[in-house]
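Report on one structure; see the data block that follows.
Bear in mind these aren't lab numbers, they're just calculated from the coordinates by the rules spelled out. Owing to the predicted nature of the structure, the values given are computational and were not obtained by experimental measurement. All Cβ positions, even for glycine, are placed from backbone atoms using ideal geometry, and neighbour counts span all protein chains on display.
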Amino acid sequence: MPREPSTPRIAVWRKLKRLGVAQLGDGLVALPADARTREQLERIAEEITDSGGTATLWFAHPALAEQERELARTLTEARAAEYRKLHARAQQAQGLGEAEGRRVLRGLRAELRRINRRDYFPPPERRAAEAAVNALHPSNPSNPSDPSNSQDDQESSA
């Protein structure tokens, strides 16, 4: 794509990142091949050519099994890092007031969905992040911000 204006180039890169690409080199990215990723890449390639750039889609397989495993590890670790950040944000949100807690919960759930869409090789951190976000729901027994889950209530029911 032409260097100027930079806005279309930046927009394309952001779309590729939302898909969860692994950058292999300058202008070279990789994704697992499925119908959804292929369709998305075709749209992005069209956008690039519409902006005066050149885009070619290649569908390839790594020559060695180890290269394929390394690519999967790269994609997995990128998602694991995102899930760890989300998990930390969910833990920080524990104990917020009801209104603020609901607002934060909506945002965390939306972020969890975005990460899930680009998670091709789910790491163990996915379940931990999901559990931490779900624990924020007011009806969750482990949510400390729910007044019905106070320590006194739990002790008197024991």
Gyration tensor (Cα) of region 65-146, equivalent ellipsoid semi-axes in angstrom: 30, 10, 9
Footprinting exposure proxy for Arg3, Arg127, Arg79 (fewest neighbouring C-beta atoms within 10 Å first): Arg3, Arg127, Arg79
Reciprocal of mean inverse Cα separation for the chain (Kirkwood radius, Å): 18.4 Å
Label-point gap, in nm, between Ala81 and Ala99 - each point 7 angstrom along Cα→Cβ: 3.7 nm
Stokes-Einstein translational diffusion, region 37-99 - Kirkwood Rh over all Cα pairs, 1.306 mPa s, 10 °C, in µm²/s: 102 µm²/s
Potential extension, Arg38-Gln23 segment - 0.36 nm per residue separation minus Cα distance: 3.8 nm
Principal axes of region 7-50: Cα extent on each, largest first, Å: 27, 21, 15
Helix-only CD estimate at 222 nm, as mean residue ellipticity for the chain, using -39500 (n - 2.57) per DSSP H run (n ≥ 4): -19500 deg cm²/dmol
